[in-house]
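Chemist: Have a look at the structure that comes next, please.
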Amino acid sequence: MMTDGNVPAPCPPFVVHDDFLETAFELRFQGLLQQAWRQRTWHVIAALPGSGKSLGIADLTHQSNSRKDTKGATRLPLLAIRAPKNGGKDQALGTAFCTIFGIVPAMPWYVRRAWLVQAMAETGVECIIIDDAQDLNLAHLAFLKELTDNMAAPPYERIVSLCLVTAHSGKVIPLKEIFSRPDILWRQFRRRLDTERPFCVVAGHTEEEVRSILEAFETLYRDQLPDLHLLRWTRPIFTWLTHTTLDPDGTKRVTMDHLTRLVTAALRRSYEQGARDVDAATLTQTAELMILRRDELVEIAGVPSDPAFPVQEVS
Amino acid sequence: MARIHIADPAWKTTFPFLVEPRKNEWVTGLLLHCDEVNHWGSGTTLTHICRLNEKTAKSNSTLIVPSGLALDALADALAIPHESIVATTYQAELARIYGVANPHALLLSTSFSFRLCPACVAEDRLLTRTLVLPHITICPQHQIVLVNICLCGTALRPFHWRALPFRCFKCGLDWAELPRKKADQGRIEIEEQLLSYYQFFWTYGTPEVLASTLRLVYDSVVEKGEIRAPLSDHASRPEPLGRSYRRTSSLGYLVHLLWQLDLTPGDILVYADPLPWRSAKWTRFQCEAPNCPYVTLLKARRNVLEEKHKEE
């Protein structure tokens, strides 16, 4: 684009769309969560890091019709939290649960413990999802059992679903080993897990599924790259993203994180070069960065020529 | 009815269960109602709000005119407008009457004892603002005597860390179960009159109206030379030395005087603007002459009140 003075107008920055895409992985993952919710079953659900577990949980939470109204009625059928980091005792998990309800004033832990059961029962909690459940420790798991047992006991008598969502690698499913221990607590925990699918692994995307995601990306980015035609690169993209560097377990499946990174980085480069579509060279260079040069050190020296932030002189 | 969806950022900045002020609800009742719906102990909401403002001391006067209370924080935590919370106190009214930004509770009364209507608690878990008005000892709605002592003999306290909301901290009795004693008809009539004074000041009160009321009271005392018998409730007892100035400038005291001198809100309006000469006798002035300019003038001033009533 040129202005009257033949000076090229500055190109607006590339906009990355972070819309939630209902990918094949999300359909599988959310389908499992919804089924557990409906049937009030307990599962350990594993998927590779970067698959889109957290986004899927957030999307399901938004769809869950949780609401507070000013007449004192609050509904929270789906209670989703992220497991506390750095270990901690049962109180850390209790605090994570309380935070979901909003502002809960300071109170002694023994009071908060009882309050939590009452609040969960009154808000109609039906399904508990814990993301990053691989970070849960034994104290957390024991508290989870106590909490759900109290919900199931009179006067509440509410059976809730429990989904412990974990990141895994290789054939090792976190928590599986703990629940196999002979202690009474773990035997009780194991007994509560679903009979048919106690431990599930949700797979990433096949080549065909990658194709439909690329189709969605085409629609999302066509306003910035009008001639964008990503579908034709489905095969090479799938091949790059199932390279052993990015798929060390050899699943031959693609994670959403890798796919999004590759596509958005290549599209940004193309856009900044003034192109209307992405070409093979740009895609290859980006894939090489992700696969071959992913551990390469980049030296940052000198002063940026065009600071992105406004500089104001002060007297 | 406002509704907050979990995707709304307000979800995280509000209490788990929300309440909104009912008509004429007192902030103390609102705080207890919030404690109750959230399954918290008595005073948990108040303590939380006070923690947000380190200067706040938890006292009864704070709840009449909560100048030190973080009302904004309470409004945010309940997802309701700030004005709705202010309306649960007499802050706005006293600020307007006395022409000050942050009125002190002493401007309403120098002493306060917590009392309540068991019927209001039983029906709606409600404590009304009327409970804090000096000389008011009867619930205007149920016409029963307000209660300040539990059946166990303990003086009622609005908040206590050991109690559940709306219950005696000593014996645990629900305030709704407290005895309901029918009020004496004579006392009901007196308090209706007192409430009409308060209502007048809440509606029309300004520093000018307050000044004219004080002038009227002064002239009436001088000209009449006698007043009614004092009201028999705690607020009429003699105050300790040094508190007399604060007492005489409080609205509760002024309302008491107006009742004692048998003056009406209409009389205050008559006195609010210049008169041919200053005398309390203008409040009872009558003239048989047709088109008397003084009668017309006084009638016009009193009409302001009637027109306002009609509008309402």
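Chemist: Toward the positive end of the charge dipole of the protein assembly as shown, about the Cα centre and with charges on Cβ (Lys, Arg +1; Asp, Glu -1), which of B:G43, A:L21, B:S84 goes farthest?
Modeler: Ranked along the dipole, the leading option is B:G43.
Chemist: Just to make sure I understand: if all protein chains stay in place, what is the order of A:I237, B:I6 by accessible area at 1.4 Å, largest first? If you can, show how the numbers build up before the last one.
Modeler: On the way: A:I237 0, B:I6 30 Å².
These residues rank, largest area first, as B:I6, A:I237.
Chemist: In whole Hz, with x marking every Gly and Pro, tabulate ³J(HN,Hα) for region A:264-272 from phi via Karplus 6.51 cos²θ - 1.76 cosθ + 1.60, θ = phi - 60°.
Modeler: 5, 5, 5, 5, 4, 4, 4, 4, 5
Chemist: How far is it, in nm, from the label point at A:R232 to the one at A:I184 when both lie 7 Å from their Cα along the line to the Cβ?
Modeler: 6.9 nm
Chemist: Explain nothing, just the number: dipole magnitude of region A:14-113 about its Cα centre with +1 on each Lys and Arg Cβ and -1 on each Asp and Glu Cβ, in debye rounded to the nearest 20.
Modeler: I would put it at about 560 debye.
Chemist: Same structure, new question: Note down the accessible area of B:K170, probe 1.4 Å, to the nearest 10 Å².
Modeler: Here the residue's solvent-accessible area equals roughly 140 Å².
Chemist: Moving on. Antiparallel DSSP bridges in chain A: what percent, to the nearest 5? Present the calculation step by step, with values, prior to reporting the outcome.
Modeler: Numbers: 5 of 24 bridges.
Given both bridge residues lie in chain A, the antiparallel proportion sits at roughly 20 percent.
Chemist: Which sequence of A:F143, A:F199 reflects their accessible areas, 1.4 Å probe, from the largest down?
Modeler: A:F199, A:F143
Chemist: Then there's this: Suppose R0 equals 41 Å; then what is the FRET efficiency for B:E123 and A:R40 from their Cβ-Cβ distance, rounded to the nearest 0.05?
Modeler: Using R0 = 41 Å, I get an efficiency of 0.60.
Chemist: What is the spin-label model distance, in nm, from B:A75 to A:R276 if the labels are put 7 Å beyond Cα along the C-beta direction?
Modeler: 5.5 nm
Chemist: Can you pull the accessible area of B:Y218 for me, 1.4 Å probe, Å² to the nearest 10?
Modeler: 140 Å²
Chemist: Starting at the first residue of region B:193-202, write each ³J(HN,Hα) from the Karplus equation 6.51 cos²θ - 1.76 cosθ + 1.60 with θ = phi - 60°, in whole Hz, x for Gly and Pro.
Modeler: So the J values, rounded to whole Hz, are 5, 4, 5, 5, 5, 4, 4, 4, 5, 4.
Chemist: Once both axes come from the Cα atoms, what is the angle between helix A:138-152 and the longest principal axis of chain A, in degrees from 0 to 90, rounded to 10?
Modeler: Once rounded, the angle reads 60 degrees.
Chemist: Using a cut-off of 11 Å between beta-carbons, work out the net charge of the residues near A:A167 (Lys and Arg +1, Asp and Glu -1, A:A167 not included).
Modeler: -2
Chemist: Enter the accessible area of A:T41 (Å², nearest 10), with the probe set to 1.4 Å and all protein chains included.
Modeler: Spelled out: A:T41, probe radius 1.4 Å, area about 20 Å².
Chemist: Rounded to whole Å and sorted largest first, list the principal axis extents of the Cα atoms in region A:40-98.
Modeler: 41, 28, 22
Chemist: Long-range amide H contacts for A:I103: which residues qualify at under 5 Å (H placed 1.01 Å from N, peptide plane, sequence gap of 5 or more or a different chain)?
Modeler: Residues meeting the criterion, in which the H sits 1.01 Å from N, are B:T14, B:F15.
Chemist: Return one number: the angle in degrees, 0 to 90 and rounded to the nearest 10, between the long axis of the Cα atoms of helix A:90-101 and the longest principal axis of the Cα atoms of chain A.
Modeler: 70 degrees
Chemist: List the residues whose amide H sits under 5 Å from the amide H of A:A80, counting only those 5 or more places along or on another chain, with H placed 1.01 Å from N in the peptide plane.
Modeler: Under 5 Å from the amide H of A:A80 lie the amide H atoms of A:I129, each far enough along the sequence or on another chain.
Chemist: Please list log₁₀ I(q)/I(0) at q = 0.09 Å⁻¹ for the protein assembly as shown, using the Debye equation with identical point scatterers on the alpha-carbon positions.
Modeler: Each listed q maps to, in turn, -0.89.
Chemist: On to the next question. Across peptide B:45-51, how many C-beta atoms of other chains are within 10 Å of each residue C-beta, on average?
Modeler: Details: counts 2, 1, 3, 5, 1, 0, 2.
Other-chain Cβ atoms within 10 Å of each residue's Cβ, averaged: 2.
Chemist: Still on this model: How much accessible area per residue does the protein assembly as shown have, in Å², with a 1.4 Å probe?
Modeler: On the way: 31770 Å² over 627 residues.
Dividing the accessible area of the protein assembly as shown by its residue count gives 51 Å².
Chemist: Which order do B:C152, B:C117 take when ranked by solvent-accessible area (1.4 Å probe, heavy atoms of all protein chains), largest first?
Modeler: Accessible-area ranking of B:C152, B:C117, largest first: B:C152, B:C117.
Chemist: Using alpha carbons only, how many degrees (0 to 90, rounded to 10) separate the axis of helix A:207-221 from the longest principal axis of chain A?
Modeler: 70 degrees
Chemist: So, one more: Taking H placed 1.01 Å from N in the peptide plane, check which residues at least 5 places from A:I45 or on another chain put their amide H under 5 Å from its amide H.
Modeler: Here the answer is A:L164, A:V165, A:T166, A:C200, since their amide H atoms fall under 5 Å of that of A:I45.
Chemist: Still on this structure, I have one more. As a test of the formula, what do you get for chain A when each DSSP H run with n ≥ 4 contributes -39,500 (n - 2.57) and the sum is divided by the residue count, at 222 nm and rounded to the nearest 500 deg cm²/dmol?
Modeler: Numbers: 11 runs with 132 residues, N = 315.
When only DSSP H runs of four or more count, the value is -13000 deg cm²/dmol.
Chemist: Can you give the % of DSSP beta bridges in the protein assembly as shown that are antiparallel, to the nearest 5?
Modeler: 40 percent
Chemist: So how far apart, in nm, are the two label points at A:K89 and A:S212 if each is 7 Å from Cα heading toward Cβ?
Modeler: 4.9 nm
Chemist: Once each part is reduced to its C-alpha centroid, what is the distance from region A:198-225 to region B:80-100 in angstrom?
Modeler: What the calculation gives is 57 Å, centre to centre.
Chemist: Per residue of region B:142-150, in order, report the coupling 6.51 cos²θ - 1.76 cosθ + 1.60 (Karplus, θ = phi - 60°) as ³J(HN,Hα) in whole Hz, putting x for Gly and Pro.
Modeler: Couplings: 9, 6, 10, 6, 5, 10, 10, 10, 6 Hz.
The values are calculated or read from the model by the stated rules, or taken from the named source; none is laboratory data. Nothing here was measured: the structure is a model prediction, and the numbers come from that model. All Cβ positions, even for glycine, are placed from backbone atoms using ideal geometry, and neighbour counts span all protein chains on display. Just the protein is used for accessible areas: all its heavy atoms, side chains included, with ligands, DNA and RNA removed. Shrake-Rupley method; radii C 1.70, N 1.55, O 1.52, S 1.80 Å.
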